[in-house]
Each structure stands twice: as structure tokens, then as C-alpha cells.
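J.: Supplied in C-alpha cells, the structure appears directly below.
Quick note: the coordinates plus some simple rules give every number you see, no bench work behind them. A quick note: this is a predicted structure, and the numbers were derived from the prediction, not measured. Glycine also receives a Cβ, built like all others from the backbone with ideal geometry; neighbour counts cover every protein chain displayed.
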Amino acid sequence: MRRFFEGTLLSICFFTQFPIFYKVKEMHKETYGYLAIMIALSGLILSAFLITLFTLLSPYASEIYVAVIVSVLYLFMYGFLHLEAVADIIDSFYAKHGGKDAYIVVKDSHVGALGAIGTFSLVILKVAALSTLLLEGSFLGIVAVLYLSRMMATGAIYSFDFHPESGFILSMKEALERKSMLLLFIISIMILLFLGHLLLLPLAIMITLFLHWWLQKYIGFLNGDGLGFIIEFNELLLLNVLIFS
């Protein structure tokens, strides 16, 4: 029970900016497994924050302005973690075309012009999509997408091979068990049924498989940055599915 508690807290700590006033003294294999399983929880927490803040502030100002501000704050509340990964993947994609080592580019702490432009474009599209759905009152759809995009990250950790130097992810992968993944899948179906967006699940699986294929073909490996890339594009594409459906 303690390791489940610690894994859950670590998952919130790593994937959101909400303060966790608890220190884990020792990491166990089971802790890594619970950490990975509970990644989707961060999506539920972030969506609750996003929707609650919009609901509280919208009576006091223009709804359009509030929707944009709250959507930007959402990016802050997960620390731009996955957006940084998108920048690295875009830079490595173009660098590989130039004959450079993609992994060296990914690990470089500097962001290139193309990575910055691509990430900025993604931010604009994401803020626009979230703002649109907030204004339409599609709150349950937002919860479904933020949950599902992160649930797909756990599925990717379990299913795909990662670069040998991705130590943190490999620790989570080693700790994940088939029965845990089956339970997560069943719970996810129940959550999506409750939210009325079960059809997003097969779409998310197809998007994840396509992104994995693209990363392997054009980058040549999958690491933490690739995982963040999968989360971001799952989220963006699923938000647009809600808008255009």
C-alpha cells in the first residue's frame, strides 16, 4: 500500500506542477510500476484544474479571454514538460536529414529555430482547441482527452522498445505487469463510458501506433522525448476530433 501511495504521489510530482510535500526515501520496482500506471491520473487532475478555473473566472470577464488564459495556465501546470520534448524531436528530425546523429541532437539542451517554431505552432493550436472546447462547454470531452493522452503514454511504455539510455522509462517498463495493464485498460473503458467518449479510445490507439512508427522511421529510436511527443500529439489530434465531430 505504501508503494502504491508513493508511486501515485511521484506520478503527480513528475507530470504536474502541483506541490507534493512528501519525500520518497527509496525507490522500489513496484513504486516504478505504480508511477507508470498512475500517469493518466495527472490528466484527470489537470483537467479538473482547467475546468474549475474556467468556471470560477468566466463570470468576471470575457469568456474568450478567460478560456485563453486558463488554457495557457494549463501548459504551465504540467511544466511545459512534453512541449520541450516536441522541440527536441522536431530538431532531431531535421538534423537527421542533414546527416547528424539524431540522439545527440535530442540530448542537446539547446533548442534550434525549427524546434522552437514547430513547438510554438503546436502551442497556438492547442490553446485554440482548448479554448474552443471550453467555450462550447465540452468539459467531459476535455477530461477524456487529457486522461487518454496520458494513458496512452503508459501503454507506450509497456508496449514499445526504448533507447538503452532511457533509464527512468526502462525502470517503469520493467515494473509494469500484464495484469496491471489489463486493469488499467478496463478502468479506462469505464471512465470513457462514463464521460461519453469511448470512441476516442480506438482513435488514440491508432494515433499512438502511427506516432511510434513515425518516430522509429524518421528519428530511429524512442526515448523520453518521444514519449512526450506522443502525449502532445495525441492530445492535440483528439481535441481536434472533438471540435470537428
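J.: Rank these for me by crowding, Val241, Val66, Val145, Val72, going from fewest to most other beta carbons within 10 Å.
T.: Val72, Val241, Val66, Val145
J.: Residue separation times 0.36 nm, minus the C-alpha to C-alpha distance between Glu136 and His110: what's the value?
T.: Net length gain for the segment: 5.5 nm.
J.: Could you work out [θ]222 nm for the chain from helices alone, using -39500 (n - 2.57) per DSSP H run of at least four and dividing by all its residues? Round to the nearest 500 deg cm²/dmol.
T.: -26000 deg cm²/dmol
J.: Is region 82-168 rounded, prolate or oblate when judged by the Cα gyration tensor, a ≥ b ≥ c being the square roots of its eigenvalues, rounded requiring a/c under 1.5 and prolate requiring a/b larger than b/c?
T.: Oblate is the answer for region 82-168, as a/c is 1.5 or above yet b/c matches or exceeds a/b.
J.: Further, regarding this structure: Would you please give the FRET efficiency between Lys100 and Met206, computed as 1/(1 + (r/R0)^6) with r the Cβ-Cβ distance and R0 = 35 Å, to the nearest 0.05?
T.: Once rounded, the FRET efficiency stands at 0.70.
J.: Follow-up question, since we're still on this one. Take the alpha-carbon centre of region 72-137, take the same for region 181-245, and report the distance between them in whole Å.
T.: Going from one Cα centre to the other spans 17 Å.
J.: Taking only C-alpha pairs under 8 Å that are 6+ residues apart, what is the relative contact order of region 87-194 in percent?
T.: Reported as a whole number, the value is 17 percent.
J.: For region 1-145, rounded, prolate or oblate, judged on the Cα gyration tensor with a ≥ b ≥ c (square roots of eigenvalues), a/c < 1.5 rounded, else prolate if a/b > b/c?
T.: The shape class here is oblate.
J.: For region 101-245, what class follows from the C-alpha gyration tensor (a ≥ b ≥ c being the square roots of its eigenvalues): rounded when a/c is under 1.5, otherwise prolate if a/b is larger than b/c, else oblate?
T.: Verdict is oblate for region 101-245.
J.: Among the complete DSSP H segments of the chain, which ones combine at least 18 Å of alpha-carbon extent along their axis with a mean Kyte-Doolittle hydropathy of -1.0 or more?
T.: Both cut-offs are met by 2-15, 39-57, 63-77, 81-97, 113-136, 139-159, 178-195, 200-218, 224-244.
J.: Given a 10 angstrom Cα cut-off, can you work out which residue in Glu84, Glu235, Glu63 is the most mobile in a GNM of the chain?
T.: Glu63
J.: Now for a separate question. So which of Lys29/Lys126; Lys107/Lys179; Lys29/Lys217; Lys100/Lys173; Lys126/Lys173; Lys23/Lys173 end up more than 27 Å apart by C-alpha?
T.: Lys29/Lys126; Lys107/Lys179; Lys29/Lys217; Lys100/Lys173; Lys126/Lys173, as the Cα separations exceed 27 Å there.
J.: Using a Gaussian network model of the chain whose springs link C-alpha atoms within less than 10 Å, name the residue from Leu73, Leu130, Leu193 with the highest mean-square fluctuation.
T.: Looking only at Leu73, Leu130, Leu193, the largest GNM fluctuation is found for Leu193.
J.: Something else now. Mind jotting down the three principal axis lengths of region 2-244 based on Cα atoms? Whole angstrom, largest first.
T.: Between the extreme Cα coordinates on each principal axis of region 2-244 lie 51, 46, 36 Å.
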